[in-house]
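Take a look at the structure below.
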Amino acid sequence: MSTPTRTAFAFALAAFLAGAMHTAGAVDGGDPVRGQHLAYTCLGCHAIEGYKNAYPTYSVPKLRGQHAEYIATALRGYRSGDRSHGTMHAHAASLTDQEIADIAAYLGGDAIKPAETPPAGTPPEAAQVCVACHGADGVGVLPEYPTLAGQHVDYLERALEEYKSGARKNPIMAGFVTMLSAEDMKTLAAYYGSQRPSLETVKKRTSRFSAR
Ligand code: HEC
Ligand code: HEC
């Protein structure tokens with residue numbers, strides 16, 4: 001496909017999925033207060049600034065400001081094994097849909113909104129198809145699309161590599177990464193990772209003085 005055709009296709013698919021996905025929700029809206037209790041063990045990795053997965057080495061993704069709907073989708077993916085990662089599978093395996101919704105509401109917090117200023121830098125050419133769903137500023141245009149703005153660059157790059165290798169399975173993304181070179185993936189990860197406002201590491205509220 002030529003680039004304009006691919007771009008048109010990406011926008012058409014985005015519009016189609018917008019209709020399909022909004023009929024899928026099944027649980028009550030998440031309760032962030034319940035979520036905070038349930039997410040206690042998650043903070044050991046997700047609330048530590050700059051924390052890295054041991055092997056292979058890459059940064060643990062930032063979750064604060066991420067769409068709760070996407071966090072819930074990711075957790076259901078780890079639970080079912082559609083998305084493979086040993087530790088995350090272990091953490092998600094026993095969660096119910098309601099618990100997932102509660103945890104997602106707490107960890108995501110207020111989803112970041114599209115930037116009011118123009119994106120930082122010029123979008124690389126390879127981003128032409130991505131913006132239909134992830135925006136030029138990296139804020140997912142639907143709650144089911146992950147926000148990429150300010151995410152760790154090494155994590156974004158790894159995610160793209162995994163869609164390409166098939167280690168991470170998602171029919172939408174699998175189609176879009178086939179045309180990307182290793183160089184494109186680096187450039188796209190760097191571009192989206194530098195956008196503001198940015199996703200953040202979840203803040204750990206407890207300290208040894210407040211723990212009771
Ligand atoms: C031992 C460290 C560790 C713990 C504990 C942990 N995670 Fe993770 N989490 C990771 C790593 C590493 C990844 C990236 C995995 C991958 O590449 O798919 C990840 C990925 C995720 C993602 C996907 C984010 C995205 O942008 O796609 C979500 C959501 C998530 N974790 C939520 C949780 C929740 C909820 C808990 C607790 C129930 C938890 N994690 C516990 C290390 C951890
Ligand atoms: C039609 C909509 C659509 C288009 C176009 C699209 N994406 Fe995605 N993207 C998604 C969805 C949906 C997911 C979540 C998939 C999953 O659950 O693994 C995703 C996931 C991702 C992730 C993983 C984020 C995370 O937190 O783990 C990255 C990185 C990404 N996309 C980058 C891109 C790039 C770069 C392009 C352009 C080459 C692109 N996407 C084009 C819909 C889209």
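Between residue 8 and residue 84, the FRET efficiency from the beta-carbon distance, with R0 = 35 Å, is close to 0.60. Just how many % of Cα pairs in the chain lie over 30 Å apart, if you round to the nearest whole percent? Tail of the P(r) past 30 Å holds 20 percent of the pairs.
Peptides 78-89, 58-69 ranked from most to least packed, by the mean per-residue count of other Cβ atoms within 10 Å: 58-69, 78-89.
Of the trypsin sites (Lys or Arg not before Pro) found in the stretch 173-207, those in coil by DSSP whose Cβ has at most 10 other Cβ atoms within 10 Å are 203, 205.
When the Cα gyration tensor is reduced to axis lengths a ≥ b ≥ c, the ratio a/c is 1.5 or higher for the stretch 42-117, and with a/b not above b/c it is classed as oblate.
Taking a sphere under 14 Å around the Cβ of residue 80 and counting the other residues whose Cβ falls inside, with K and R at +1 and D and E at -1, yields a net charge of +3.
The calculated 222 nm mean residue ellipticity attributable to helices in the chain amounts to -13500 deg cm²/dmol, summing -39500 (n - 2.57) over DSSP H runs of n ≥ 4 and dividing by all residues. Using the Cβ-Cβ distance between residue 117 and residue 34 with R0 set to 30 Å, the FRET efficiency from 1/(1 + (r/R0)^6) comes to roughly 0.25.
If r is the Cβ-Cβ distance from residue 186 to residue 45 and R0 is 41 Å, what FRET efficiency results, to the nearest 0.05? About 0.95, to the nearest 0.05. Computed over the chain, relative contact order equals 27 percent, with contacts defined as Cα pairs under 8 Å that lie 6+ residues apart. When only the Cβ of Lys, Arg, Asp and Glu is charged (+1, +1, -1, -1), the dipole of the chain relative to its Cα centre reaches about 580 debye.
Bear in mind that the values in this text are calculations on the coordinates, not laboratory data. Remember, it's a predicted structure, so these values are computed and weren't measured experimentally. With ideal geometry, Cβ positions are generated from the backbone for all residues, glycine too; neighbour counts draw on all protein chains shown.
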